[in-house]
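Participant: Structure incoming, see below.
Values quoted throughout were computed directly from the atomic coordinates according to the rules given, and no laboratory measurement underlies them. The shown structure was predicted, so the numbers you read here are calculated from the model rather than taken from an experiment. Positions of Cβ are backbone-derived with ideal geometry, glycine not excepted, and every protein chain shown enters the neighbour counts.
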Ligand SMILES: *Cc1c(COP(=O)(O)O)cnc(C)c1O
């Protein structure tokens, strides 16, 4: 069956008659009928999926685990209370003091914080690299223990050839961790390209309604086991309500992403014709530097695009433009049903590319499910403020 079909039917009650959706099971304590049953459950719970204590999951979170494993094409996965928690779980599981980590320069900005605040004081060194195979080879060290990538990169959607990077890494048995939030499993599956771990902020498209925080870390075999052990050690778990809402989001993920993408492509085309625009960053655009890799590896695009104004446009002008938008809400995050807009600071988000100092302001759009005509006229109306 196609992934889109499987996403509809996974993690649903098998017994009949039954409600269509799984129950929200709230639990801390799980009561046993005998000491024997308790001992037996505890002996089996590390290798089997059993209800044993609330922190280790309930039937509601198990159902979501099945759906996210489908999305990532993984044997196992671990749910976390946010995307950032998913990132830190992967980092602390794979790295130990004395190790070196390589990170793609176009990562989600808070990853830099994890390295500065958590890993550096803990004795892990870090090098940022440009995402190319040559850059990777040039930056590898004897003690490199992890390669961290995001594809496409945050804000400017920089593409990288994940299979080629994984070939180099796997030859040296260095695990590659990929942030797969942009594709959310529907458009791309990093594990199939040789990555050891794929993680997502379920907060974005998986949830899809801007009302929960969620992270997931997916892997196979021993790495999956180690991630689970570390999550238990750190006491990470999510609420059954959040699991229920995320599972509801999964059901419509494919059609929401397709619809957002269709509108975002059309709006990107329109924005690219405007005189004040230097570049519309969006992998589906033929002028995008990584367009060919995107076409080869990804099954589609999403609702994200970033407008880079010419450097004759001031920050004040671009902010007046944002303020003038009526339908695009001003706010962080993305992947929800409503359209959002935020200014993006590329100077802070990149350490290898200092060209951003002299480039124009950037504005990131997350295109939602409103009518394309309404969104376009909102953009056109606000455009007038650019010239004031
Ligand atoms: C939002 C985001 C995260 C973090 O997710 P939260 O749930 O907000 O913690 C991680 N990676 C990427 C690429 C993101 O866009």
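Participant: Under 8 Å for C-alpha pairs, at least 6 residues apart: give me the relative contact order for the chain, rounded to a whole percent.
Facilitator: About 16 percent, as a whole number.
Participant: If you don't mind, another one. Go ahead and estimate [θ] at 222 nm for the chain from helices alone: -39,500 (n - 2.57) per DSSP H run with n ≥ 4, summed, over the residue count, rounded to 500.
Facilitator: Dividing the helical sum by the residues of the chain leaves -11500 deg cm²/dmol.
Participant: Using only the Cα atoms, work out Rg/Rh for region 14-78, with Rh taken as the Kirkwood radius, to two decimals.
Facilitator: Taking Rh as the inverse mean 1/r over Cα pairs, Rg/Rh reads 1.01.
Participant: Using a ≥ b ≥ c from the Cα gyration tensor of region 1-109 (square roots of the eigenvalues), is it rounded, prolate or oblate, where a/c under 1.5 gives rounded and otherwise the larger of a/b and b/c decides, a/b for prolate?
Facilitator: In terms of gyration-tensor shape, oblate.
Participant: Could you state the angle between the C-alpha long axis of helix 162-171 and the longest principal axis of the C-alpha atoms of the chain, as a value from 0 to 90 degrees rounded to the nearest 10?
Facilitator: Once rounded, the angle reads 50 degrees.
Participant: Provide 186, 108, 337 in ascending order of the number of other Cβ atoms located within 10 Å of each residue's Cβ, fewest first.
Facilitator: Taking fewest neighbouring Cβ atoms as first place, the list is 337, 108, 186.
Participant: Nearest-5 percent of antiparallel DSSP beta bridges in the chain?
Facilitator: Within the chain, antiparallel bridges account for around 55 percent of the total.
Participant: Let me ask you something else. With labels modelled as points extended 7 Å from the Cα through the Cβ direction, what inter-label distance (nm, one decimal) is found for residue 384 paired with residue 333?
Facilitator: Label-label distance for residue 384 and residue 333, simple model: 3.3 nm.
Participant: Residue 118 versus residue 258, label points 7 Å from Cα toward the beta carbon: distance in nm?
Facilitator: 3.6 nm
Participant: Please compute the volume of the convex hull spanned by the alpha-carbon atoms of the chain and report it per residue in Å³.
Facilitator: Value for the chain: 148 Å³ per residue.
Participant: Further, regarding this structure: Under 1.5 on a/c is rounded, so check that first for region 323-388, then, if it is not, pick prolate when a/b is larger than b/c and oblate when it is not; a ≥ b ≥ c are the square roots of the alpha carbon gyration tensor eigenvalues.
Facilitator: Verdict is oblate for region 323-388.
Participant: For the chain, modelled as a GNM with alpha-carbon contacts under 10 angstrom, which of 217, 206, 107 fluctuates the most?
Facilitator: Evaluated over the chain, the most mobile residue of the options is 107.
Participant: Return 204, 192 ranked ascending by Cβ neighbour count within 10 Å, so the fewest neighbours appear first.
Facilitator: Sorted ascending by nearby Cβ count, the order is 192, 204.
Participant: Could I ask something else about it? Could you tell me the distance between the Cα centroids of region 34-72 and region 150-228, to the nearest Å?
Facilitator: Taking the Cα centre of each part, region 34-72 and region 150-228 sit 24 Å apart.
Participant: For residue 15 and residue 211, FRET efficiency with R0 = 25 Å and r from the beta-carbon atoms, rounded to 0.05?
Facilitator: The pair residue 211/residue 15 has a calculated efficiency of 0.25.
Participant: Just rank 158, 179, 66, fewest to most, by other beta-carbon atoms within 10 angstrom.
Facilitator: Least to most surrounded, the residues fall as 66, 158, 179.
Participant: Give me the distance in nm between label points sitting 7 Å out from Cα along the Cα-to-Cβ direction at residue 4 and residue 142, one decimal.
Facilitator: 5.3 nm
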